[in-house]
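The values are calculated or read from the model by the stated rules, or taken from the named source; none is laboratory data. In this text, all values refer to a predicted model and were calculated from it rather than measured experimentally. Here Cβ is always computed from backbone atoms with ideal geometry, including for glycine, and neighbour counts include all displayed protein chains. The accessibility values were calculated without ligands, DNA or RNA, using every heavy atom of the protein model including side chains. Shrake-Rupley method; radii C 1.70, N 1.55, O 1.52, S 1.80 Å.
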Amino acid sequence: MRALGTRGYRNKRTGLPVLVLVLALSLFLSLCVLPTPASDTNPTSDWQKTEYSPVSGTGQNGRGLAFGDVNGDGYDDLIVGSPDYRNTNQQNLDSEVGIVRIYLSSTSGLVSTAFWESPVTPPPNAPSDRLGNSIAAGDIDGDEVDEFLVAERPMFSPQVHLYDGFEGTPTPTDPAWSCGGFFGPYLKTPLVHMADLNGDDKDDAIITSGGSTTYAPAVHVFYGSSGGLAASADWSDDFGGVAVSVFSIPAGAADVNGDGKDDLLFSSENDSVFYVYHGAVAGLGADPTYTITQGDGYYGRAVAGAGDVNNDGYEDVVINWKSTESFGPTEVYVYFGSAQGLQNFDRKQLSGGAETTYWGSTVGSAGHFNDDAFADVIVGGSFGELVIMYFGAENAATVGFLNTQNYTCSPSDGVADFGYSMAFGNTFGHHRGGNDIAIGAPDDGSRDEGTAYAYYGHHPPPPPPPEGIWLIVR
């Protein structure tokens, strides 16, 4: 299983156990010790893709990002959303139909040409759909091929669509599942996530929706199954049904108590309360397992599973806190999991970042970017130009972890919105150590076209075994 924000921890198609001659294995491993990469400042991206909309001033490529193995070949593919895309038939300023593209992966990394694009066939002056604002991928039906969720924000009723993976089947033109009618009011885009909340090895769909003076914000969960998703939510929390104007509900998931089931984490963006629901075989409970509060501010405007940052067997969470001041600072914390979950309130504040209005509005896990046993944390922000990665460590709560900026990324041309979206996966499958990250810059030019960047984990594949030594793998 894997938590939201920890894409790439689960190894697929591992096959039968490995049979290895003990002496030969010892010698092989002694020759394949991989060095820990040094810190880096502003590394050059390994892959980037700028997409243009036929209509000037539209696009926002990279606003939605997700990694998922959509064709079942063992390599995580990159799914990129351009919610403001308009074709030449769309001249109305409110007619962004949006488009989603998939770039396949291989032993050479991501390809440069999209393998699949969502159909774009709206009539002239069609109402806005904004497909691709939010994207998530996971294995809903347990067939070891990832499906992917895509949110759209039409003019009137927000929708979420599920597309099937492609292994052995034609690429889809229509979604396999769609749902709407209760994902909030006009102009409030749903946010989508995936995690295994009941421990059945099938990912569940988590969909959050904003609120208004007539709509209550809400979090909805659709449990995965061999038959896909149900027509209506299996679990919901609407904050007591109180209607309040909230643009979005940030959410994340991680197995913070180490019981093999992901736990759901979320907060209203204008609230100081952070809600935690522990996962269970029977599903989520009616009430939060516990809540976390912190003073006067907005807690949880961004939250994500961080992976197991200190390698203690419990996954951790990265979350931000925003001052109530109009342009006040943002603080970012890592809360460490335990047998009691996050109830010990053991945390560490990230330092060294530009603690300004927008820093920390995007947070997440970078997986095992440097291919060690400790998960790494990544922090960016909307309207920013900087993303910072911090490497995990054994004593992360007390020592230098989070005080050291191990990687800082900022394109040399001062790209706006760099870090608006982030994702990580395993682009090279099991042929290369370390996870890879993708970073979106949906507003990186005068035409608002947008660019998606990828940075590959920095370990090369191990060398082949010395001549005469056999490894028998099945």
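For this structure, a couple of remarks:
- If you go through the range 246-256 and keep only what is over 17 Å from Tyr223 (Cβ atoms) and open to solvent by less than 30 Å² (accessible area, probe 1.4 Å), you end up with Val246, Ser248, Ile249, Pro250, Gly252, Ala254, Val256.
- Any chance Asp255 is at pLDDT below 95 and in contact with a strand residue (DSSP E or B) (Cβ under 8 Å, 6 or more places away or on another chain): no
- Failed item in (1) of a type outside the set (A, V, I, L, M, F, W, C); (2) modelled with pLDDT under 90; (3) part of a strand (DSSP E or B), with Gly295 passing the rest: (3)
- Remark: pairs (first residue in the range 263-277, over 16 Å from Phe247 (Cα atoms) and modelled with pLDDT under 90; second residue open to solvent by 40 Å² or more (accessible area, probe 1.4 Å) and assigned to a strand (DSSP E or B); Cβ separation under 9 Å; 6+ apart in sequence or on different chains) = Val273/Thr291; Val273/Thr293; Phe274/Thr291; Phe274/Thr293.
- Taken together, the residues in the range 201-233 that are open to solvent by 20 Å² or more (accessible area, probe 1.4 Å) and touching a residue at least 60 places away in the same chain (Cβ under 8 Å) amount to 7.
- Test for Ser128: is it open to solvent by less than 10 Å² (accessible area, probe 1.4 Å), modelled with pLDDT under 85 and either of a type in the set (D, E, K, R) or part of a loop (DSSP other than H, G, I, E, B) (or both): yes
- Selection status of Ala306, out of contact with any strand residue (DSSP E or B) (no Cβ under 7 Å at 6 or more places or on another chain) and either modelled with pLDDT under 90 or in a strand (DSSP E or B) (or both): no
- Test for Ala243: is it open to solvent by less than 20 Å² (accessible area, probe 1.4 Å) and either within 19 Å of Tyr299 (Cβ to Cβ) or part of a loop (DSSP other than H, G, I, E, B) (or both): no
Yes/no matrix, rows are residues, columns are (1) touching a helix residue (DSSP H, G or I) at 6+ places or on another chain (Cβ under 6 Å); (2) part of a loop (DSSP other than H, G, I, E, B); (3) open to solvent by 30 Å² or more (accessible area, probe 1.4 Å); (4) modelled with pLDDT of 95 or more:
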{"site": "Gly279", "(1), (2), (3), (4)": "no, yes, no, yes"}
{"site": "Tyr299", "(1), (2), (3), (4)": "no, no, no, no"}
{"site": "Asn311", "(1), (2), (3), (4)": "no, yes, yes, no"}
{"site": "Asn320", "(1), (2), (3), (4)": "no, no, no, no"}
{"site": "Glu325", "(1), (2), (3), (4)": "no, yes, yes, no"}
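- Complete set of residues in the range 150-188 that are closer than 30 Å to Thr213 by Cβ, polar (S, T, N, Q) and at pLDDT 75 or above: Gln159, Ser178
- Within the range 189-239, the set of residues being among the aliphatic types (A, V, I, L, M) and more than 20 Å from Asp263 (Cβ to Cβ) comprises Ala216, Leu229, Ala230, Ala231.
- Qualifying residue in the range 367-385 (condition: modelled with pLDDT of 80 or more, under 22 Å from Asn435 (Cβ atoms) and in contact with a Pro (Cβ under 6 Å, 6 or more places away or on another chain)): yes
- Failed item, numbered, when Gly360 is tested on (1) at pLDDT 85 or above; (2) buried (at least 20 other Cβ atoms within 10 Å of the Cβ); (3) not hydroxyl-bearing (Ser, Thr, Tyr): (1)
- Which numbered condition Ser236 fails, given (1) open to solvent by 60 Å² or more (accessible area, probe 1.4 Å); (2) farther than 27 Å from Met422 by Cα; (3) free of Cβ contacts under 8 Å to residues at least 40 places away in the same chain: (2)
- Filter pass, Asp259 being buried (at least 19 other Cβ atoms within 10 Å of the Cβ) and of a type in the set (D, E, K, R): no
- Considering the conditions (1) in a loop (DSSP other than H, G, I, E, B); (2) out of contact with any strand residue (DSSP E or B) (no Cβ under 9 Å at 6 or more places or on another chain), Ala231 is excluded by exactly one of them, (2).
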